Amino acid sequence: MGIAITAWDAVSPFGVGRDAFTEGLWSGARPAAAPTSTPPPAPGSRACLVPDFSPREALRGKTRSMDRVTALAAVAVGRLLAEADPDPAPDAPEQTGLVLGTATGSVQSMTDFTRESFQGARPYHVDPARTPNTVMNCAAGQCAIRYRLRGPNATIAGGRAAGLLALSYQRRLLSCGRARRVVCGAAEEYSVTRSWLEHHARADDADPMPLGEGCAVILGDGAAGAPVLAELLSVRSRVHHGDDPAEAIGQVALETLASAGVAADEVWAVSPSRPPGPAGDREWAALTRLFAPDALDRLPHLPFGDTGAASAAFQLVSVLSASDRLPSAAGRAALVSSVDRDGTVACALLRLGERHSAARRPRA
């Protein structure tokens, strides 16, 4: 028996919320890449930002020292919990865990804090309120504090594949009874520092892609009788060596299918990560050898640039959004694959449940 996924939400360049994401993705909209005018200048002149995102307005204050990636995660997690469980049981905080994927946390906060230590009259003349932002588990910790989540709390650093690695960790927590339900996802911010790091890390033959940002989260519930949007059947990952991830992707995809007892021709849809450069081309080549062309073309491609650590999490919720748009998706299997330039490859297999959009509670 897999893990039941009962809810999801997203803060993306389409806007704040599940409805904005679904409408933007399935309408074929392309978020405008806004100019990045914040000094100092970044090498990429444009980026796909969450439109009109204000942490103070979105979180109703209490964000003085909160960095952007933490605010994005806090908004997504708060919306998910409010919609999934508006009247939580008394023991809900103790029984709810959180697993959040990242690359390195907020590199902008880390570099700003380090710069301040060099520029001050003394190295310790820094703003202590900003110290928590310099550790990669800041966003997960702040979300747990804000929403009083007292279950297991973990941060998974896995680059572009972080969302799938976090999903695997969520599955283990639920399977061994460490929590009754676990919020799982990944978050990424746009910043000048990240823009420069991506600029220097990009291979010479990789096409430049606007950077994106956002956070996508899902709720895994171990309670019997919960309404199921999808069932997580299997997650597999490995690290490959060398420049060509095609063989590793093919092997991980086959292992994922075999562990769930699903044949390749039973897979209704495939969501590839398609990172910029040769890795994306080789991932696509490996998947086309395994799956039918219809499966690879069934889901819309995410059109809002390179969202870094949030990439695989956005792929997951794009698969889940199919239940709201395509009645034929019910009961079908879908595979999500991810390739990270540091060598991690991962796949997750889901079986979509019945359509639940009509039964969702309206948001104020």
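Before we move on, is Phe113 among the hydrophobic types (A, V, I, L, M, F, W, C), without any contact (Cβ under 8 Å) to a residue 12 or more places away in the chain, more than 26 Å from Ala10 (Cα to Cα) and out of contact with any Pro (no Cβ under 8 Å at 6 or more places or on another chain)?
No: the conditions fail for Phe113.
Could you please find all residues in region 277-286 being in contact with a helix residue (DSSP H, G or I) (Cβ under 9 Å, 6 or more places away or on another chain) and open to solvent by less than 10 Å² (accessible area, probe 1.4 Å)? Correct list: Glu283, Ala286. Within region 292-330, the set of residues being open to solvent by 10 Å² or more (accessible area, probe 1.4 Å) and outside any helix (DSSP H, G or I) comprises Ala292, Arg298, Leu299, Pro300, His301, Leu302, Pro303, Gly305, Asp306, Leu326, Ala330. Within region 331-348, the set of residues being part of a strand (DSSP E or B) and more than 16 Å from the chain's Cα centre (by Cα) comprises Ala333, Ala334.
How about region 1-17: which of its residues are of a type in the set (Ser, Thr, Tyr) and either under 30 Å from Gly177 (Cα atoms) or touching a Pro at 6+ places or on another chain (Cβ under 6 Å) (or both)? Selection gives Thr6 alone. Restricting attention to region 162-204, the residues that are closer than 30 Å to Arg46 by Cα, basic (Lys, Arg) and either open to solvent by less than 30 Å² (accessible area, probe 1.4 Å) or without any contact (Cβ under 8 Å) to a residue 12 or more places away in the chain (or both) add up to 1. If you check Asp244, Asp265 for being farther than 24 Å from Ala140 by Cβ, touching a Phe, Trp or Tyr at 6+ places or on another chain (Cβ under 9 Å) and open to solvent by 70 Å² or more (accessible area, probe 1.4 Å), only one passes: Asp265.
Among the residues of region 68-87 satisfying the criterion of being surrounded by 15 or more Cβ atoms within 10 Å (Cβ to Cβ) and modelled with pLDDT under 90, which is farthest from Ala186 (Cα to Cα)? The residue in question is Asp85.
Just one residue in the set Ile145, Ile156 is under 24 Å from Ala74 (Cα atoms) and surrounded by fewer than 18 Cβ atoms within 10 Å (Cβ to Cβ); that residue is Ile145. Across region 96-124, the qualifying residues are those that are within 24 Å of Leu59 (Cβ to Cβ) and out of contact with any helix residue (DSSP H, G or I) (no Cβ under 7 Å at 6 or more places or on another chain), and the one among them that is surrounded by the most Cβ atoms within 10 Å (Cβ to Cβ) is Thr96. When Arg289 is tested against (1) open to solvent by less than 10 Å² (accessible area, probe 1.4 Å); (2) out of contact with any strand residue (DSSP E or B) (no Cβ under 9 Å at 6 or more places or on another chain), only condition (1) is not met.
The values are calculated or read from the model by the stated rules, or taken from the named source; none is laboratory data. Here the structure is a predicted model, which is why all the values come from computation and not from measurement. Note: ideal-geometry Cβ built from the backbone for every residue, glycine included; neighbour counts use all protein chains shown. Ligands, DNA and RNA are excluded from the accessible area calculation, which covers all protein heavy atoms including side chains. Shrake-Rupley method; radii C 1.70, N 1.55, O 1.52, S 1.80 Å.
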